[in-house]
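A.B. asks: First, the structure itself, so that you have it in front of you.
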Amino acid sequence: MIKKMIIVVGLALSISAAWADSCSFELHGTDAREYRDLQGNLVKQIVIPSSCTEFKIGMKNVTKMHKNLMGHNVVIAKADDVKAIAKDGAIAGISKDYLKPNDSRVVAHSKMIGGGEVTSVTFPVSAIRSGDYVFFCSFLGHEVRMRGKLIVQ
Ligand code: CO
């Protein structure tokens, strides 16, 4: 009887963990200006289950560098807007985390962080359901390599 209860409790725990994980994803920002997953694989897309209302992307800057040298953030925007957002971000500069303040093309963004720091961005899935959306780092020049697709399915 006790053994049976332990199995049932264990099953319930694993189901709840899988459910929580499905509406979030954890990234590492590296010193090679890449997003990698916690297993070290390059991340060029994140699949978001359409059942999620909100989605959270967490990110740890795994470099040892200050944010002024190797800052990373996570910005959510339309693929077609990335170039213009990055261009205006370059003008805004590091003091503004390389983002134009209140840029209406940005769906959501995390803080810019330096080595050893963690941050996250949460956004409504309804905001990215139609059109091609991406996540990228707005640090000067990082949007080329630190960029991936958001796919709702
Ligand atoms: Co970066």
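A.B. asks: Here are some conditions: (1) within 16 Å of the ligand (Cβ to nearest atom); (2) outside any helix (DSSP H, G or I); (3) touching a Gly at 6+ places or on another chain (Cβ under 8 Å). Asn68 meets all but one. Which one does it not meet?
C.D. replies: Failing condition for Asn68: (2).
A.B. asks: Quick one: what pairs do we get from the stretch 28-51, first residue on the phi > 0 side of the Ramachandran plot, second of a type outside the set (S, T, N, Q) and open to solvent by 100 Å² or more (accessible area, probe 1.4 Å), C-beta under 6 Å, 6+ apart or different chains?
C.D. replies: Arg33/Arg145
A.B. asks: Would you pick out the residues in the stretch 75-109 that are touching a His at 6+ places or on another chain (Cβ under 9 Å) and free of Cβ contacts under 8 Å to residues at least 60 places away in the same chain?
C.D. replies: Ala77, Ala86, Asp97, Tyr98, Leu99, Asp103
A.B. asks: Condition first: farther than 19 Å from Ile113 by Cα and open to solvent by 40 Å² or more (accessible area, probe 1.4 Å). Now tell me which residues in the stretch 38-55 satisfy that.
C.D. replies: Within the stretch 38-55, Gln39, Asn41, Leu42, Lys44, Gln45, Val47, Ser50, Ser51, Thr53, Glu54 meet the criteria.
Residues are listed down the side, and each one gets a yes or a no for (1) surrounded by fewer than 18 Cβ atoms within 10 Å (Cβ to Cβ); (2) touching a Leu at 6+ places or on another chain (Cβ under 7 Å); (3) at pLDDT 95 or above:
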position	(1), (2), (3)
Leu27	no, no, yes
Arg36	yes, yes, yes
Ile57	no, yes, yes
Lys60	no, no, yes
Met65	yes, no, yes
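A.B. asks: From the residues in the stretch 100-153 that are over 20 Å from Leu38 (Cα atoms), within 16 Å of the ligand (Cβ to nearest atom) and of a type in the set (Gly, Ala, Ser), which one is least open to solvent (accessible area, probe 1.4 Å)?
C.D. replies: Ser138
The values are calculated or read from the model by the stated rules, or taken from the named source; none is laboratory data. Predicted model, so just to flag it, every value in this text is computed and none were measured. As a convention, Cβ positions derive from the backbone with ideal geometry for all residues, glycine included, and neighbour counts pool all protein chains shown. The accessibility values were calculated without ligands, DNA or RNA, using every heavy atom of the protein model including side chains. Shrake-Rupley method; radii C 1.70, N 1.55, O 1.52, S 1.80 Å.
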